[in-house]
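Chemist: Got a structure for you, written out below as structure tokens; questions coming shortly.
The values are calculated or read from the model by the stated rules, or taken from the named source; none is laboratory data. All values derive from a computational prediction rather than experimental measurement. Cβ sites come from the backbone with ideal geometry, for glycine too, and all protein chains shown count toward neighbours.
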Amino acid sequence: MAPSSPPDDPLSNEGLDCLFSPLNQASGILAAVSGGPDSIALMHCLARWASTGRHPPIFVATIDHGLRPEAADEAAFVAAEASALNLPHRTLPWTGEKPKAGIQEAAREARYRLLVAHAREAGASHLVTAHTLNDQAETVLMRLSRGSGLSGLSGMRRETDRQGIRHVRPLLDLPKSLLVESCRVRGWRFVVDPSNADERYARVRWRRLMPLLAEEGLTAGRLARLAERAAQADEALAIKAREALARGEPHLEREGLSFQAAILAEEPFEIALRVLEQALYQVGLGLENIRLHRLEACVERLRQAAGAGEALSLTIAGALVRLDRSGRVSVGPEPPRRRGR
């Protein structure tokens with residue numbers, strides 16, 4: 001049987017059943033709602049979807065980053081709107097000292113940390129956010145400008161795991177304009193975050209460029225399609241890298257994981273790169289702090305040393321990578337540094 005085509009109106013009851021189908025098996029759903037039109041539309045759509053049948057309970061949370069004086073009032077606004085929909089709401093404050101630099105990245109990490117903790121507390125297995133097609137396009141452009149590889153150009157995934165909580169982005173195919181128009185037509189009130197116009201932030205600057213790029217054919221839809229294709233290629237390469245690592249006779253040791261270095265030299269560079277990446281991941285060393293160019297340099301040196309039969313020891317983002325003369329690579333946590341006198 002051929003798959004049914006998606007509904008013409010993605011926000012109709014039939015359309016919502018399609019959008020929210022990944023949530024049907026959830027024990028509970030936590031919706032992150034800031035008060036902007038995207039997340040307000042998400043909250044209203046979830047409430048309508050939940051009222052049409054037997055669906056998991058829905059909870060709403062708003063993060064108060066403590067960075068703007070309006071944030072507390074916006075959280076109170078969301079709480080009132082959620083209450084009108086009979087949805088329980090919690091404001092989650094980001095407390096403590098804020099960093100002087102990299103504030104947006106730090107705020108993002110704090111946001112998800114708070115949301116995941118609250119999801120567990122509420123008994124929710126799934127977290128949903130209102131990222132749209134436009135957000136995806138901006139993400140691809142920002143990562144492209146930073147020299148990201150294929151994984152980065154895959155953009156935001158529709159579903160990902162966050163410490164055991166399933167993060168779903170059901171609106172990722174929908175343009176922001178559709179959600180704003182839906183709010184206006186249906187009378188769903190929303191707030192406007194002034195930081196969305198603050199050009200100190202890279203995402204805002206890229207957003208200003210989007211209309212010019214669209215005139216040359218680089219629309220949000222085409223950027224999102226690029227992300228989909230990159231994700232497909234990324235997944236295929238990841239499978240090949242897992243197969244290559246398995247051929248390298250991996251062995252878990254007390255200090256970490258070891259495998260035959262020959263596979264780094266035998267495989268294409270991109271596969272070798274992912275073999276090392278997966279080895280680091282398997283021993284619990286997070287990859288978010290590893291710059292791609294550093295990982296590439298590490299693999300290149302390992303391939304050269306393996307070909308010459310030399311031993312080598314490298315450190316990268318808290319990991320110790322060693323190649324011994326027997327031709328095995330071992331990866332594990334970097335030992336504590338000794339302070340000099």
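Chemist: Cβ-Cβ under 7 Å, sequence separation 6+ or interchain: first residue in the stretch 244-261 and farther than 14 Å from V321 by Cα, partner acidic (D, E) and outside any strand (DSSP E or B). Which pairs?
Modeler: A244/E267
Chemist: So which of S151, S195, S125 is surrounded by 14 or more Cβ atoms within 10 Å (Cβ to Cβ), in contact with an Asp or Glu (Cβ under 9 Å, 6 or more places away or on another chain), touching a residue at least 12 places away in the same chain (Cβ under 8 Å) and of a type in the set (S, T, N, Q)?
Modeler: Exactly one residue qualifies, and that residue is S151.
Chemist: Looking at L264, L302, can you tell me which residue is assigned to a helix (DSSP H, G or I), at negative phi and in contact (Cβ under 8 Å) with a residue 60 or more places away in the chain? Give the derivation first.
Modeler: Details: L302 fails: in contact (Cβ under 8 Å) with a residue 60 or more places away in the chain.
Of L264, L302, the one residue that is assigned to a helix (DSSP H, G or I), at negative phi and in contact (Cβ under 8 Å) with a residue 60 or more places away in the chain is L264.
Chemist: What do you reckon, is I239 modelled with pLDDT of 95 or more, surrounded by fewer than 12 Cβ atoms within 10 Å (Cβ to Cβ), under 25 Å from the mean Cα position of the chain (by Cα) and more than 30 Å from P175 (Cβ to Cβ)? Give the derivation first.
Modeler: Values: modelled with pLDDT of 95 or more: yes; surrounded by fewer than 12 Cβ atoms within 10 Å (Cβ to Cβ): yes; under 25 Å from the mean Cα position of the chain (by Cα): yes; more than 30 Å from P175 (Cβ to Cβ): yes.
Here the answer is yes, as I239 does meet what is asked.
Chemist: Might you check whether a residue that is touching a strand residue (DSSP E or B) at 6+ places or on another chain (Cβ under 7 Å), acidic (D, E) and free of Cβ contacts under 8 Å to residues at least 24 places away in the same chain occurs anywhere in the stretch 226-240? Lay out the reasoning, then the answer.
Modeler: First, pick out the residues of the stretch 226-240 that are touching a strand residue (DSSP E or B) at 6+ places or on another chain (Cβ under 7 Å): none.
Scanning the stretch 226-240 turns up no residue that is touching a strand residue (DSSP E or B) at 6+ places or on another chain (Cβ under 7 Å), acidic (D, E) and free of Cβ contacts under 8 Å to residues at least 24 places away in the same chain.
Chemist: For residues that are within 21 Å of Y112 (Cα to Cα) and of a type in the set (S, T, Y), tally how many sit in the stretch 41-84.
Modeler: 1
Chemist: While we're looking at this one, here's another question. Across the stretch 170-210, what is the number of residues that are within 21 Å of D73 (Cα to Cα), out of contact with any Cys (no Cβ under 9 Å at 6 or more places or on another chain) and not in a helix (DSSP H, G or I)?
Modeler: The number of residues fulfilling the criteria is 6.
Chemist: Go over the candidates L257, L285, L245 one by one and state the one that is surrounded by 20 or more Cβ atoms within 10 Å (Cβ to Cβ) and assigned to a loop (DSSP other than H, G, I, E, B).
Modeler: L285
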